[in-house]
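Heads up, the thing below is written out as structure tokens.
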Amino acid sequence: MDSKQVILITGASTGFGRLFAETLARHGHTVFATMRDPQGKNAKNAADLLALASRESLSIFTLECDVTSDASVELAVRSAIAQSGRIDVAINNAGYALIGLAEAVTTQQAQQIMDTNFMGCVRVNRAVLPHMRRHRKGLLMHISSGAGRVVIPAFSLYTASKFAMEALAETYRYELASQGIESVVVEPGAYQTPVFGNMVTASDQSRADTYGITNNIPSKMTALLSAAGGNPQEVADVVLRIVETPVGQKKLRYRVSEADLGVDEINAATERVQARLLEMFGITAEISFVQRDAAGAD
């Protein structure tokens, strides 16, 4: 893959997405930082990012993109392609957290978080893949969480959305390998970003009346997250390293966290199980990565 790449990032107004945009652009990559409503709600965030790009002569461009809308995603991708001619990397970063007992989460809230955190990835990947396929190269990156591999009480629908994202990303890795397109997952731990300040709370609290001491779990989890340390730049640095890792040499999953919750153990165990499963189904040849063809593509 070319050393300088064209990268589209969702949810780039603040937090990890903003850090990814700055870090990747400072290393010479062209970045399309997408966000909802850059002319309204996110006008200041978009303006600040463009001002930074101007000061430091960075190739950062902002685009409107609401990952819950097929039309918005398609327009953002078409706009990036029109300006750059290609998209080498799509970083699925847009998402939010929802806290509360599972029964207190309404069906509408459940649909909304899945529409953003999971279906947003489906929309973005479907939009970029035809363009990547023409070049027989590309990278789909999915910003998951340690909560995409372990279950955390009071985060039921958030963990469900990340579990779903991870399953999708792994399936893409197998199905796209022969076309030279890679799929990876990044699993950050609890870093202090705006995601915690923007958490949605389960709204049907009447459903929690019978839970007794279990009702303490959401507040305990909130306190733990508020005390979380670590520099989120660590995650951006890993994203940069993945983007610049040669074709065919990327791992499926990358955990980035100061705390070890056993995610590496789960990843290692499932990797062995998946390898046996794919061999048993007799499809290992179909999912092998064609490194020579991908590396030689225009």
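The table below gives the values:
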read-out	value
Karplus-derived HN-Hα couplings along the stretch 168-175 (A = 6.51, B = -1.76, C = 1.60, θ = phi - 60°), whole Hz, x at Gly and Pro	4, 4, 5, 4, 4, 4, 6, 6
The stretch 196-298 - convex hull of the alpha-carbon atoms, volume per residue in Å³	219
Nearest-0.05 FRET efficiency for Asp204 and Glu244, computed from C-beta distance (R0 41 Å)	0.35
Largest to smallest principal axis extent of the C-alpha atoms in the chain, angstrom	62, 53, 35
Amide hydrogen neighbours beyond the local backbone of Val185, cut-off 5 Å, H modeled	His142, Arg253, Tyr254
Most mobile of Gly230, Gly212, Gly40 in a GNM of the chain (Cα contacts under 10 Å)	Gly212
Candidates Thr34, Thr116, Thr214: whichever shows maximal mean-square fluctuation once the chain is modelled as a Gaussian network with Cα springs under 10 Å	Thr214
Semi-axes of the equivalent ellipsoid for the stretch 130-261, Cα gyration tensor, largest first, Å	34, 18, 11
Within a Gaussian network of the chain (alpha carbon springs, distance under 10 Å), most fluctuating of Gln233, Gln83, Gln109	Gln83
Count of lysine pairs in the chain with Cα separation under 24 Å (8 or more residues apart, or interchain)	8
Backbone N within the stretch 244-270 under 12 Å of label point (7 Å from Leu278 Cα along the Cβ vector)	251-253
Karplus-derived 3J(HN,Hα), 6.51/-1.76/1.60, for each residue of the stretch 104-119, Hz, glycine and proline x	7, 7, 6, 4, 5, 5, 5, 5, 5, 6, 5, 5, 7, 6, 9, 5
FRET efficiency estimate (nearest 0.05) - Cβ-Cβ, Glu258 to Glu56, R0 22 angstrom	0.15
Cut-off under 5 Å, modelled amide H: who pairs with Leu139 long-range	Val89, Ala90, Glu182
Interchain or long-range residues, amide H under 5 Å from Ile99's placed H	Val200, Thr201, Ala202
In Hz, Karplus ³J(HN,Hα) per residue of the stretch 16-32 (6.51, -1.76, 1.60; θ = phi - 60°; x = Gly, Pro)	4, x, 5, 4, 4, 4, 5, 5, 5, 5, 5, 9, x, 8, 8, 10, 9
C-alpha center-to-center spacing [the stretch 124-194, the stretch 1-66] in angstrom	20
P(r) of the stretch 1-42 over all Cα-Cα pairs, binned every 5 Å from zero, in whole percent	6, 26, 28, 21, 12, 5, 2, 0
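The numbers here are math on the coordinates, done by the rules we state, and not lab data. Being a predicted model, the structure only gives us computed values, none of them experimental. Ideal geometry is used to build each Cβ from the backbone, glycine not excepted, and the neighbour counts take in all protein chains shown.
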